[in-house]
Every structure is written in C-alpha cells, then in structure tokens.
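Reviewing the structure listed below.
The values are calculated or read from the model by the stated rules, or taken from the named source; none is laboratory data. None of these values were measured; they are calculated from a predicted model. When we count neighbours, we look across all protein chains shown, and the Cβ atoms used for this are built from the backbone with ideal geometry, even at glycine. Accessible surface is based on the protein model in full, side chains and every heavy atom, while ligands, DNA and RNA are left aside. Shrake-Rupley method; radii C 1.70, N 1.55, O 1.52, S 1.80 Å.
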Amino acid sequence: MPNKTNDELINEVIASYPYYLKAGRIIEKRITDVMKKVDRALFIPSTVVIDGKSCQQDPYVNKPVGIDFRQTCSQPSMVAFMTDYLDLKPGLNVLEIGTGCGYSAAVTERLVHPRGRLTTIEIIEGLAEQGKKNVLSANSDLKERNIEFVVGNGFKGYKPNASYDRIYLTAGIGPDFNEDIFKEQLKEGGILIYPETAGYLYVFTLHNNHFIRQSFYGVAFVPLRRI
Ligand code: SAH
C-alpha cells in the first residue's frame with residue numbers, strides 16, 4: 001500500500017523544487033495545481049515484472065517508477081521541471097516525443113487547455129495504447145479534448161501537426177543527435193527541451209533560426225530509439 005497521497009507527493013515536489021537540477025526558483029502554482037489533479041496512481045501498474053520477478057510499485061514516490069515494456073514513468077519533479085521550462089499556456093500547439101504511460105502528457109494536456117493541442121508519439125505500440133487509455137481517463141473531466149496519440153517513431157519529430165510552439169522529448173538522446181532537425185517544426189520563439197540518457201537536460205529557444213541554449217546537469221532517461 002502507498003504511504004502517501006498524490007497531494008502529499010506534489011507537496012514534496014513543491015518543497016524540493018528550488019534545489020532540483022538547481023532550478024533556483026519556485027514552481028508556479030498553476031503547474032502544481034494541475035499535478036494534484038493528475039493522480040499518478042492511474043499511470044502505474046500496482047505490480048510490474050522486472051527481471052522475472054513481480055515487484056510492487058508505489059506511485060507516490062518522487063522517483064522514476066518502472067512500468068510495463070521495461071520503461072519508466074517519469075519522476076514528478078522532472079515533469080514539473082520540464083513543464084515549468086516549457087512555459088506551457090492555454091492555446092499552445094505542443095509535440096511530446098515518448099508518451100510512455102501518459103503521465104506527462106496528461107499534465108501537458110491540462111496546461112494547454114482550452115484551445116491548445118497536444119500531439120504525443122510513442123514507438124512501442126502496446127505502451128501507446130496504455131498511455132492513451134490512461135490519459136483519456138485521467139483527464140475525462142476536461143470539456144474539450146484536443147489530443148492526438150500517434151504510434152510511431154518520433155526521432156525526427158512529427159510533421160503532420162507542425163509547426164509547434166513547444167516540442168519536448170521524454171527519452172534521452174545519444175551523442176550523434178542534432179537539434180537542428182527540429183527547427184523546421186518549431187515556431188519562431190518556440191521552445192525545445194530534451195535530455196541526454198545520462199547527463200544534461202537542454203532547453204532551447206528558437207530566435208531568427210538560431211537556438212539559444214540553457215543546460216541543467218544531473219538527469220537520467222531511457223534512450224530515444226532511432227529505429
Ligand atoms: N512521458 C512518459 C515517460 C516516457 S519514458 C512519462 O510521463 O512517464 C520514454 C518513452 O519514450 C518510452 O515509452 C519509449 O518507448 C519512448 N520512445 C523511445 N524512443 C522513441 C522514439 N524514437 N519515438 C517515440 N517514442 C520513443
């Protein structure tokens with residue numbers, strides 16, 4: 001049985017935020033209010049088989065948690081951080097690469113609501129189905145739904161719904177990755193965020209076809225698949 005509630009988990013995120021990746025600022029209330037509405041337990045199976053062993057999972061810990069298909073549900077502090085630096089607002093057109101269990105997608109959908117649009121792409125078909133089901137149920141109270149779930153490879157983004165105000169990757173890039181492939185899918189002034197599998201998280205803002213980069217150290221992510 002979990003020791004905490006979702007509200008207590010998010011209160012922990014709020015308290016630790018200024019120190020997380022040296023964010024050095026307080027997390028906006030509108031973000032944590034949304035995170036309190038998105039119950040993380042809806043995204044994480046209560047037991048998961050890891051290396052042949054059945055393990056009980058506690059959704060209310062501020063850590064990445066294992067889910068099916070050997071993937072993870074992002075750490076709530078990381079979702080808060082990416083969401084904060086993405087500066088998500090109602091009406092924005094957003095692309096997420098790596099739906100996974102759908103936890104970050106549910107938070108994003110609420111922050112761009114109403115009028116906004118989220119396209120989220122996942123390469124593992126079974127997980128894409130689970131993610132879709134989870135987001136649709138977690139956000140079933142929203143009056144207007146404008147979210148598209150795509151099964152496929154997002155290594156080069158997703159052109160059909162471009163151009164985007166925001167693009168973010170929830171899987172880690174390797175050394176051969178070049179952010180320039182996202183330039184043509186991002187609007188002027190748009191923000192792109194992606195992590196390395198281990199190391200830095202990068203935040204880019206597009207101005208006059210040039211990226212202005214900020215970096216934050218100390219992240220670990222499952223790898224972004226090329227094929
Ligand atoms: N957003 C999720 C985290 C997902 S973990 C959350 O909130 O918990 C990263 C996901 O990226 C995994 O599900 C993985 O299968 C997916 N992924 C990896 N490479 C990909 C690719 N090239 N295109 C789309 N999805 C990819």
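Taking label positions 7 Å along the Cα-Cβ direction at both VAL61 and ASN178, the computed distance is 4.1 nm, reported to one decimal. If the Kirkwood radius is taken over C-alpha pairs of segment 169-227, then at 10 °C and 1.306 mPa s the Stokes-Einstein diffusion coefficient equals 134 µm²/s.
Can you give the net charge of the other residues whose Cβ lies under 12 Å from the Cβ of GLY126, counting K and R as +1 and D and E as -1?
That sum, taken over residues with Cβ under 12 Å, equals -1.
Applying a DSSP loop filter and a limit of 13 other Cβ atoms within 10 Å to the GluC sites (Glu not before Pro) in segment 135-227 leaves GLU144.
Pairs of Lys residues in segment 1-131 that lie 8 or more places apart, or on two chains, and have C-alpha atoms under 21 angstrom apart add up to 13. For the chain, the fraction of 1.4 Å probe accessible surface lying on carbon and sulfur atoms is 51 percent. Taken along the Cα-to-beta-carbon direction at a fixed 7 Å, the label points for TYR19 and LYS159 span 4.8 nm.
For the Cα trace of segment 67-131, dividing Rg by the Kirkwood Rh returns an Rg/Rh value of 0.98. Taking the C-alpha atoms only, the angle from helix 6-16 to the longest principal axis of the chain is near 50 degrees. Estimated from helices alone, the mean residue ellipticity of the chain at 222 nm is -7500 deg cm²/dmol (sum of -39500 (n - 2.57) over DSSP H runs with n ≥ 4, per residue).
Under a model in which nothing but the beta-carbon of Lys, Arg (+1) and Asp, Glu (-1) is charged, the chain shows a dipole of about 220 debye around its Cα centre. Looking at the chain, the accessible area is 48 square angstrom per residue; that uses a 1.4 Å probe and ignores ligands, DNA and RNA.
Take the Kirkwood radius over Cα pairs of the chain, plug it into Stokes-Einstein at 20 °C and 1.002 mPa s, and you get 122 µm²/s for translational diffusion. Label point of LYS53 set 7 angstrom out along Cα-Cβ; within segment 66-102, amide nitrogens under 15 Å from it belong to 66. Accessible area per residue was computed with a 1.4 Å probe on protein heavy atoms; ARG30 scores about 80 Å². Taking every alpha-carbon pair within segment 13-83, the share separated by more than 19 Å comes to 38 percent.
Can you tell me the FRET efficiency between ALA41 and GLU129 if r is taken as the Cβ-Cβ distance and R0 is 22 Å, rounded to the nearest 0.05?
The calculated FRET efficiency here is 0.70.
Among the chymotrypsin sites (Phe, Trp or Tyr not before Pro) in segment 172-227, those placed in a DSSP loop whose Cβ has at most 16 other Cβ atoms within 10 Å are PHE177.
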